[in-house]
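Below is one structure, written out as structure tokens; the observations come after it.
The values are calculated or read from the model by the stated rules, or taken from the named source; none is laboratory data. What you see is a predicted model; the values in this text were computed from it and never measured. A quick note on method: Cβ atoms are made from the backbone with ideal geometry, for glycine too, and the neighbour counts reach across all protein chains shown. What goes into the accessible areas is simple: the full protein's heavy atoms, side chains included, and nothing from ligands, DNA or RNA. Shrake-Rupley method; radii C 1.70, N 1.55, O 1.52, S 1.80 Å.
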Amino acid sequence: MGGSAGGAFAAAVSLMARDRGGPAIAGQLLLCPMLDNTNSTVSSLQYDGIGTWTRDANLLAWECVLGEELAYSDRAPAYAAPARADDLAGLPPAFIEVGAAEMFRDEDVDYARRIWATGGPAELHVWSGGCHGFDMYMPEAEITRAALASRDSWLARVLGTVAAPPPKPLAAGSAAQDPVGAADQGAAR
């Protein structure tokens, strides 16, 4: 799991695990992942200078990760910039989430499309009105509740688990509320 630059790291670890034959990874949960170092998509230009993560910040981040020579190059290594990977086949199931109003929108949609093109499993959520990191900036908003529910659903499906129902309230004075006291009373008889 990773968000933003952490999403790139999570995708890179999945690529590396596939290429090296392990370890097995159940799935990749990529939240507004920073995948394409070229900064050449429509959305990377559309949201220049606005939003919670700006184009200038992104350009600087790629320079820090790749150095000046490779920062915006299509020759960057895929383990640093996963969008540079030639082949996305054989990856673990992906959950990709991105806001519609952020600079990573198009590169994230393209990454999902490329996984689907290989026959791979990817679940893509583009949240209308969502900015970069909307779940952190607007934790009580309906969009965040919907996004969290989608993540939980995907995780349950990928991990083969079903959310446990909430525990039933206990009757007042039941042994389960005071197991030590109940055990003491039983031992005293």
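In square angstrom, what is the accessible area per residue of segment 1-110 with a 1.4 angstrom probe?
Numbers: 4750 Å² over 110 residues.
On a per-residue basis, 43 Å².
Rounded to the nearest 500, what is the chain's calculated 222 nm mean residue ellipticity when only DSSP H runs of at least 4 contribute -39500 (n - 2.57) each, over all residues?
Dividing the helical sum by the residues of the chain leaves -13500 deg cm²/dmol.
Towards the positive end of the charge dipole of the chain, with charges on Cβ (+1 Lys, Arg; -1 Asp, Glu), say which of ALA81, ALA71, ILE25 has the farthest Cα.
ILE25
Sort segment 11-106 into rounded, prolate or oblate with this rule: let a ≥ b ≥ c be the square roots of the eigenvalues of the Cα gyration tensor; rounded if a/c is under 1.5, and if a/c is not under 1.5, prolate when a/b is larger than b/c, oblate otherwise.
Working: a/c = 2.47, a/b = 1.48, b/c = 1.67.
Oblate, since a/c reaches 1.5 and b/c is not below a/b.
Would you mind getting me the FRET efficiency between ALA146 and MET16? Use the beta-carbon distance for r and R0 = 30 Å, nearest 0.05.
0.40
Treating the angle as unsigned and between 0 and 90°, give the value, to the nearest 10°, between the Cα long axis of helix 105-117 and the longest Cα principal axis of the chain.
Here the helix axis deviates by roughly 80 degrees.
Along the positive direction of the dipole of segment 104-147 (beta-carbon charges: Lys, Arg +1; Asp, Glu -1; about the Cα centre), which of SER128, VAL109, ALA146 reaches farthest?
The listed residue farthest towards the positive side: VAL109.
Near the amide H of GLU123, under 5 Å away, which other amide H atoms are found, from residues 5 or more places off or on another chain, if H is placed in the peptide plane?
It is ALA94, PHE95, ILE96, by chain and number.
As an exercise, identify the trypsin sites (Lys or Arg not before Pro) in segment 61-164 lying in DSSP coil whose Cβ has no more than 13 other Cβ atoms within 10 Å. The partial results should precede the final answer.
Numbers: sites: ARG75, ARG84, ARG105, ARG113, ARG114, ARG145, ARG151, ARG157; in loops: ARG75.
Passing sites in segment 61-164 are ARG75.
Go through segment 125-135 residue by residue and turn each phi into a ³J(HN,Hα) via Karplus (6.51, -1.76, 1.60, θ = phi - 60°); whole Hz please, and just put x for glycine and proline.
Whole-Hz 3J(HN,Hα) from phi for segment 125-135: 10, 10, 8, 4, x, x, 9, 4, x, 3, 5.
May I ask you to evaluate 6.51 cos²θ - 1.76 cosθ + 1.60, the Karplus curve with θ = phi - 60°, for each residue of segment 27-35 and list the ³J(HN,Hα) values in order in whole Hz, giving x for glycine and proline?
Whole-Hz 3J(HN,Hα) from phi for segment 27-35: x, 10, 9, 10, 9, 6, x, 8, 10.
For the chain, what's the relative contact order in percent, using C-alpha pairs closer than 8 Å and at least 6 residues apart? Before the final figure, lay out each step's value.
Details: 293 pairs, mean separation 38.2, N = 189.
Relative contact order comes out at 20 percent.
For the peptides 122-128, 76-82, what is the packing order when you average, over each peptide's residues, the other Cβ atoms within 10 Å and list the highest mean first?
Values: 122-128: 17.0, 76-82: 20.0.
The densest-packed peptide leads the list: 76-82, 122-128.
Helix 179-188 versus the longest principal axis of the chain: what angle, 0 to 90°, nearest 10, using Cα atoms?
Roughly 30 degrees between the two axes.
For an R0 of 35 angstrom, estimate the FRET efficiency from the Cβ-Cβ distance between LEU59 and ALA89 and round to the nearest 0.05. Present the calculation step by step, with values, prior to reporting the outcome.
Numbers: r = 31 Å, r/R0 = 0.87.
Given R0 = 35 Å and the Cβ-Cβ separation, E is 0.70.
In nm, what is the difference between 0.36 nm times the number of residues separating ALA156 and SER73 and their Cα-Cα distance? Show your work: numbers first, answer last.
Working: separation 83, 0.36 × 83 = 29.88 nm, distance 3.78 nm.
Taking 0.36 nm per residue and subtracting the Cα distance, the gain is 26.1 nm.
Net charge near SER150: determine it from the other residues with C-beta under 15 Å of the C-beta of SER150, scoring Lys and Arg +1 and Asp and Glu -1.
After counting each charged neighbour, the total is -3.
For segment 97-104, take each phi angle, set θ = phi - 60°, evaluate the Karplus expression 6.51 cos²θ - 1.76 cosθ + 1.60, and give the result in whole Hz per residue in order, putting x for glycine and proline.
Values, residue by residue: 10, 8, x, 6, 10, 8, 5, 8 Hz.
If you roll a 1.4 angstrom probe over the protein chains with everything in place, what fraction of the accessible area of segment 1-48 belongs to carbon and sulfur, to the nearest %?
On the way: 1230 of 2000 Å².
Ligands and nucleic acids excluded, carbon and sulfur give 62 percent.
For a quick check: with amide H placed at 1.01 Å from N, whose amide H comes under 5 Å from GLY3's, ignoring anything fewer than 5 positions away on the same chain?
Close amide H contacts, sequence-distant or interchain: LEU31.
Sort largest first and round to whole Å: the equivalent ellipsoid semi-axes of segment 73-144, each the square root of five times a Cα gyration tensor eigenvalue.
Equivalent ellipsoid of segment 73-144: 25, 15, 9 Å, largest first.
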